[in-house]
Amino acid sequence: MSFNLALVPRREVSLIRQVLTPVLALVVALLIGGLIVWLMGRSPAKAFDVFLREPLTDPWALQEVLLKSTPLMLISIGLIFCFRANRWNIGAEGQFLLGGIFGGGVAIATHGLAGPWILPLMMLAGVAGGMLYAAIPAVLRNRFGISEILTSLMLVYVAELLLDYLVRGPWRDPKGFNFPQSVPFTDAAQLQPLFEGGRLHAGFALALLVVLVAILVFRRSLFGFAVKASGEAPRAANFAGFNEMRITLVVFLISGGLAGLAGMIEVSGQVGQLRPGFGQGLGFTAIIVAFLGRLSPVGAMLSSLVIAVLLIGAESAQVSLKLPFDLTRFFMGMLLLCVLAGESLNRYRLEFRKETA
Amino acid sequence: MGPERIRLSGITKAFGALKANDHVDLTLHAGEIHALLGENGAGKSTLMKILYGLLRPDSGEIRINGQRVSLPSPQAARAQGIGMVFQHFSLFEDFTALENIAIPLDGRIADAALRAEVEAKARHFGLAIALDRPVHTLSAGERQRIEILRALMQEPQVLILDEPTSVLTPDEAEALFATLDTLAGEGAGILFISHKLEEVRRLCSRATILRGGKVVAETDPRIVSAAELAALMVGEGVLDLRPAADHALGEPMLRLDGLSVAPEGVHGVALRDINLTVQAGEVVAIAGVAGNGQSELYAVISGEGGRVTSGQVRIAGQDVTRRDINARRALGAAFVPEARLGQATLPQGPLSENVILSWHATESLGRWLLDTVRTGAVARRVIERFDVRTPSADPQAAQLSGGNLQKYVVGREIERKPRLMIVDQPSWGVDARAATHIRQTLLDLAAEGAAVLVISQDLDEAMAMADRIAVMHGGHLSAARPVSALSRAEIGLLMTQGESPVRGAA
Ligand SMILES: Nc1ncnc2c1ncn2[C@@H]1O[C@H](COP(=O)(O)OP(=O)(O)OP(=O)(O)O)[C@@H](O)[C@H]1O
Ligand SMILES: [Mg+2]
């Protein structure tokens, strides 16, 4: 006699179930995370305090959370366009860096000048940088049928090296004691805090605006419909006359443009200069965010906030609890697994079968 | 009559508010070929899926060989000796026939031992199959034979066939009937679903008729006429096709001039020097055995595919050879492709959303934001006008029964009031009444001055509808000739040998 596990499709899934699943997934992931912390000999209660309570209650930390969620939101919304269309842009990190480089380039070129036109120009440059960089995998796919997964990913490393070269070579700050970094941006090239003494800048509002537009595009626009159709049923998209190559190019441009915008906001609003490593892997984290939000704009917005809380929590946990940053990475992976598992259990029912053989 | 194999009693299954099966009783004996009849959406596939363990009944009882059983999965059903051949093919395209047969046989692989067994079984039932060719290179008839052989390999005591003949040519269907007779002669019980009543009357000794999920009659189909059967199914008689009143023909709406198309992949069919004109006001049918280039022809006319190497496609007088499907729609053309799920519709999209697919480029559906009020209204009108039976007000395409989805797709295109209508297989899997309705609508459309081109494997359909018929064979299209000037024998010859008889044979 042996036992078999089988997944049996469910016919209907209630709305309550659909809403509760991600919440439940979060709780399960927290329990597992707590267990790991406990196994490492730290207090789970303390970890919970540092990871979740502090970022959410301390006003200073709360601002940091919103700041951190801004690039995640922008990038993951862009990625949703690609993923819904079944195109795999894995290189948002590279597009994010290029956005920073282009935006930062404008800041460096206009160093010493002032005027309200500098920031908008930087934004445009950031968007253009991300778009151009994302166009490469799209064009390679359209022209030669090369997998966009590989090309977009490999271009990340090229972008990292380009940034490295720039801040060590032509764009190095002459007064920077040979550190690999550019000149600090002037005020005209930095996004200013929204209120006195705070840190939160207009980037967050911009991200929310992008979320709103994305909701509308997917719910009510022909383009959103075309993206969905081309991802779900390419033959039906072909029947509708939606041009496959054009969709590939456009979703990559949107995704690259938003990642580029995020990169510009990051260097202008957070870092204040160009230096290696300003990307922090946010372009990769945004992939998790997009899936955690089940490829919906609202979902991506919420999960950007959740992940931002964890990232901020992790920073203080490194200091106060001496917990390694990798634990946070592990936890994000855990969270994604739990959400995907919950999703599967919504669609399928687990069944134990006794077999007599 | 042999011993009782299956007894279903009081089977009920609801999808939301819709009762797809409502206290259905059915008994199947050994050696019996039992027809399950009913119009589209009557609940036939649902009942069979319950018997095969794919769906669970809400209530009711299943007895097999007198024993009460529960069937939580297809494996459980197979263990009870039940085999099923589905309405939609369920084969792996890239695997060979033999590999496809091995998959559901637990613990077996496609080795020499299995090959010997399969070959023996195929000989016994007279099923000719090339076991080593990948499935995507095979015709519909060959695929159907694999499905059947696969089911037979499990030595079923009960075999369910859900519309097995809708994609077969008459010869292939004959061969299938011989197989089923042998199988029944050996004591298996067979459940047979079909909309072709004449073949049911030849093959089956009992018929259970469903209407709206309920059993309305059980009869011996050999002693009642097809018309009576149809009347039982729909509760009223099926109307005959009403030929259009005499009307003048107008300008040519579709012209193919010396059109040649390169084959798609290794197994695609190349189109060679195709010439055809369809004038406003007439119905032209393209007959032929499936796999002779009809799909390629449809694709190159609609603009969905095909690499044209020479020649032209002209719609409403304009050369559209290099233009896309929406440019052709803008000239007044409408298209109904062969695959209704996944090509003509987005499976997970509601019917209202599916309106967008073929309407967005030519009708105004809103400038910036989609006009969902309009798409909803269009879907509702199609549902009403074409009597599409839906489980809810605006269901997903995948939730409709096969025939009802076809009605929706045809209706959606007609609702656009096209001047040129291209329909690939207008009545696949559509019940007699709905098929008549669809055909009548197309005839009326022609009478109102549209040009209609129908690609059909069903010769009866082609002859009933068309003013002129052309036959497709090996990528070549015969000259279109008036139906009145053609005999069935002549068409048959064209279908099997093409236009020019083999030279040097005499
Ligand atoms: N998964 C589902 N969800 C909701 N409704 C469904 C589902 N499957 C079938 N139905 C509905 O149940 C009814 C019966 O469908 P079924 O497929 O059994 O019809 P059928 O008799 O096989 O018709 P056809 O001849 O067109 O194949 C239809 O109204 C259909 O829309
Ligand atoms: Mg059916």
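The values are calculated or read from the model by the stated rules, or taken from the named source; none is laboratory data. Note that this is a predicted model, so its numbers are computed, not measured. Note that we place each Cβ from the backbone using ideal geometry, even for glycine, and neighbour counts take in every protein chain shown. Calculation scope for accessible area: heavy atoms of the full protein, side chains included, ligands and nucleic acids excluded. Shrake-Rupley method; radii C 1.70, N 1.55, O 1.52, S 1.80 Å.
So here's what we get for this one:
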quantity	calculated
Top positive-direction residue, dipole computed over the protein assembly as shown with Cβ charges, set A:Phe83, A:Leu119, B:Val483	A:Leu119
Between 0 and 90°, nearest 10: helix A:59-84 axis offset from chain A longest Cα axis	70
At R0 = 56 Å, FRET efficiency that the Cβ-Cβ distance of B:Glu218 and B:Leu369 yields, to 0.05	0.55
Segment B:199-254, Cα convex hull volume normalised per residue, Å³	164
Reduced Cα scattering model of segment B:370-506, Debye log10 I(q)/I(0), q = 0.17 Å⁻¹	-0.95
Under 13 Å, Cβ to Cβ, from A:Gly283 - net charge with Lys/Arg +1 and Asp/Glu -1	-3
Orientation-averaged projected area, Cα convex hull of segment B:350-417 (nm²)	4.2
Helix A:222-232 axis, angle to chain A major axis (alpha carbon atoms, nearest 10°)	50
Ratio Rg/Rh [Cα only; Rh per Kirkwood] for segment A:24-85	1.12
Solvent exposure, largest accessible area first (probe 1.4 Å, DNA, RNA and ligands not counted), of B:Ser205, A:Ser320	A:Ser320, B:Ser205
Carbon and sulfur %, accessible surface of chain B computed with the full protein complex present, 1.4 Å	51
Cα gyration tensor of the protein assembly as shown - equivalent ellipsoid semi-axes, whole Å, descending	57, 36, 24
Space enclosed by the convex hull of the alpha-carbon atoms of chain A, per residue, Å³	190
Percentage, to the nearest whole number, of Cα pairs in chain B over 44 Å apart	16
Solvent-accessible area of A:Trp117 with every protein chain in place, 1.4 Å probe, in Å² to the nearest 10	120
Over 25 Å between alpha carbons, listed pairs A:Lys228/B:Lys44; A:Lys46/A:Lys68; B:Lys19/B:Lys417; B:Lys19/B:Lys407; B:Lys19/B:Lys49	A:Lys228/B:Lys44; B:Lys19/B:Lys417
Size of the A/B contact, given as accessible area buried on both chains, probe 1.4 Å, in Å²	2200
Accessible carbon and sulfur surface of segment A:112-271 relative to its total accessible area, %, 1.4 Å	69
Simple spin-label estimate for B:Ser139 and A:Ile149 in nanometres, 7 Å along Cα-Cβ	3.8
Segment B:4-234, Cα convex hull volume normalised per residue, Å³	118
Leading residue at positive end of dipole, segment A:194-347 (Cβ point charges), from A:Ala262, A:Gly241, A:Thr328	A:Gly241
Accessible area (Å², per residue) of segment B:363-506, counting only protein heavy atoms and a probe of 1.4 Å	42
Accessible solvent surface per residue of chain A, calculated while the other protein chains remain in place, 1.4 angstrom probe, Å²	48
Helical segments meeting 15 Å axial Cα length and Kyte-Doolittle -0.5 threshold in chain B (DSSP H)	B:112-125, B:140-152, B:170-185, B:372-385, B:402-414, B:432-447
Point-charge dipole on Cβ atoms (K/R +1, D/E -1) for segment A:73-298, about Cα centre, debye to 20	540
Extension reserve of the A:Leu208-A:Val13 stretch, reckoned as 0.36 nm per residue once the Cα distance is removed	67.2 nm
Chain A: angle of helix A:148-168 to the longest principal axis, Cα-based, in degrees nearest 10	30
